[in-house]
Amino acid sequence: MIDLAELELADIEKDLEARGHAGYHARQVYRWIYRRGQTDLGQMTDLAKGLRSQLSEEFTVSTPRIIGDEVSADGTRKLLLELKDGRRIESVFIPDTPAMTFCVSTQVGCAMACAFCLTGKMGLARNLTAGEIAGQVRVLAAATGLLDKTFNIVLMGMGEPLHNYDNTMKALRLLHEEHGLAVSPRRVTLSTVGLVPELERLAQEPVMPNLAISLHATTETQRTALVPPNKKHSLASVIEACRKFPLKKRSRITFEYVMLAGVNDTPEDARRLTRLLAGIKAKVNLIPLNAAPGIAFDRPSDDRVDRFARILAERHITVSVRKSRGRDIRAACGQLIVEGGPKKTAAQQMALLMR
Ligand code: SAH
């Protein structure tokens, strides 16, 4: 059986032809899968009946299965999805921010181990396939009734997208395809700790998403403590890669900065940040920490966040403070973790949380 969820349109065409079917059926099939959320080949009613039953024997369309669905008081919705092999991931729907936004995962767990992130405590179980990354968007769009509407996608769920580079970029091509959801790359934001060789590769891509860099600190020592990949990909080299990153007119790189009380939220940090970003078309997104059990940091007061933001604004840096949504259902940044997956017992998960 060939899994159509993993194939770009041109490859579906080739596979159909290789099996003696007309290649143009690929576009019909693609439309059913992506635009109408239909994954049962037997139900694709604009194909002849005989063809449908033949295709059902040769092809499948694997799709993450919704096994949990929680809605926050603020309307944020978190789906727990089960994959083919029983592994679980989370994907989040954030309404009206101002657009509708889907936050999707790129890995089961994450290897980056950022000190303040719950997903990082899980470690990496495996990469998601391109079909599983794009599949989350299909599932979210169908569940929210947005299959034929515009929406934004942020690669800010579980995992480090540049650590799963090929599958992530292929997923963006699957979603960009005009016979499918036709998601414009301008509506996609890739958020990364900044793996330098992959950033350089990204700079060469024909179809390029918006870029967000998880900076979080302004000195090498502090960044290494908070974002361990900094050992290999220093702050200086990440900033250098950003300076060279090709940007479209009016577009800018977003720098995310998690604010940890008494750690990286001082006026000196703010001033160092403005100096680091000098000469880069940048905007800063401050993310006051979303606290969680097992995370050894506190969220700063609103006053401290405001003071930090004002220092940046006075120096002409566009700054916003992320309103973290869905905290009551643990759907906010850094709070995605899968409890009770197939590999770990509840007790092992608790031990991880308490670590
Ligand atoms: N691996 C990607 C995507 C991570 S999630 C990256 O690092 O960019 C998106 C953002 O949430 C990142 O900036 C991440 O550092 C931040 N984040 C992680 N844990 C957080 C927490 N507990 N509170 C607030 N933001 C957090």
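Quick look at the values:
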quantity	calculated
Around Pro246: net Lys/Arg minus Asp/Glu count, Cβ-Cβ under 12 Å	+3
Full-extension gain in nm, Tyr24 to Arg243, via 0.36 nm per residue minus C-alpha separation	74.5 nm
Surface/4 of the Cα convex hull for the range 118-241, nm²	8.2
Largest-first ellipsoid semi-axes for the range 1-116, taking √(5λ) over the Cα gyration tensor eigenvalues, angstrom	33, 17, 13
Sorted largest first, extent of the chain alpha carbons per principal axis (Å)	70, 50, 36
Sequence-distant residues sharing a close amide H with Val321 (under 5 Å, placed H)	Leu286
Cut-off under 5 Å, modelled amide H: who pairs with Met259 long-range	Ile287, Leu289
Loop-resident sites, the range 6-50, for chymotrypsin sites (Phe, Trp or Tyr not before Pro), counting at most 13 other Cβ within 10 Å (DSSP)	Tyr24
Hz values of 3J(HN,Hα) by residue in the range 27-35 - Karplus curve (6.51, -1.76, 1.60), Gly and Pro given as x	5, 4, 4, 4, 4, 4, 5, 8, 8
Relative contact order %, the chain, counting alpha carbon pairs below 8 Å whose residues are six or more apart	15
Potential extension, Glu220-Arg201 segment - 0.36 nm per residue separation minus Cα distance	4.5 nm
Residues whose placed amide H lies under 5 Å from that of Ile2, excluding near-sequence neighbours	Phe59, Thr60
Whole-Å distance, taken between Cα centres, linking the range 93-169 and the range 179-223	13
Subset of Lys149/Lys244; Lys78/Lys323; Lys121/Lys323; Lys78/Lys121; Lys14/Lys49; Lys249/Lys283 violating a 25 Å alpha-carbon distance limit	Lys149/Lys244
Computed [θ] at 222 nm, deg cm²/dmol, the chain (DSSP H ≥ 4; -39,500 (n - 2.57); rounded to nearest 500)	-9500 deg cm²/dmol
Partnerless cysteines, meaning none of the other Cys C-beta atoms lie under 4.7 Å away, in the chain	Cys103, Cys110, Cys242, Cys333
Karplus-derived 3J(HN,Hα), 6.51/-1.76/1.60, for each residue of the range 79-88, Hz, glycine and proline x	9, 9, 10, 9, 9, 3, 8, x, 5, 10
Residue among Val92, Val284, Val71 with the largest mean-square fluctuation in a Gaussian network model of the chain, springs linking Cα atoms under 10 Å	Val71
Approximate spin-label separation His316-Gln43, in nm, with each point projected 7 Å along Cα-to-Cβ	5.6
Gain in span if fully extended, Glu58 to Asp303, counting 0.36 nm per residue against the direct Cα distance	82.1 nm
Hz values of 3J(HN,Hα) by residue in the range 165-181 - Karplus curve (6.51, -1.76, 1.60), Gly and Pro given as x	4, 5, 5, 5, 5, 5, 4, 5, 5, 4, 7, 7, 3, 5, 7, x, 7
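Read the figures in this text as sums done on the coordinates, not as results from a lab. Keep in mind the model is a prediction, meaning the values are calculated, not measured. Because the Cβ atoms are built from the backbone with ideal geometry, glycine has one as well, and the counts that use them run over all protein chains shown.
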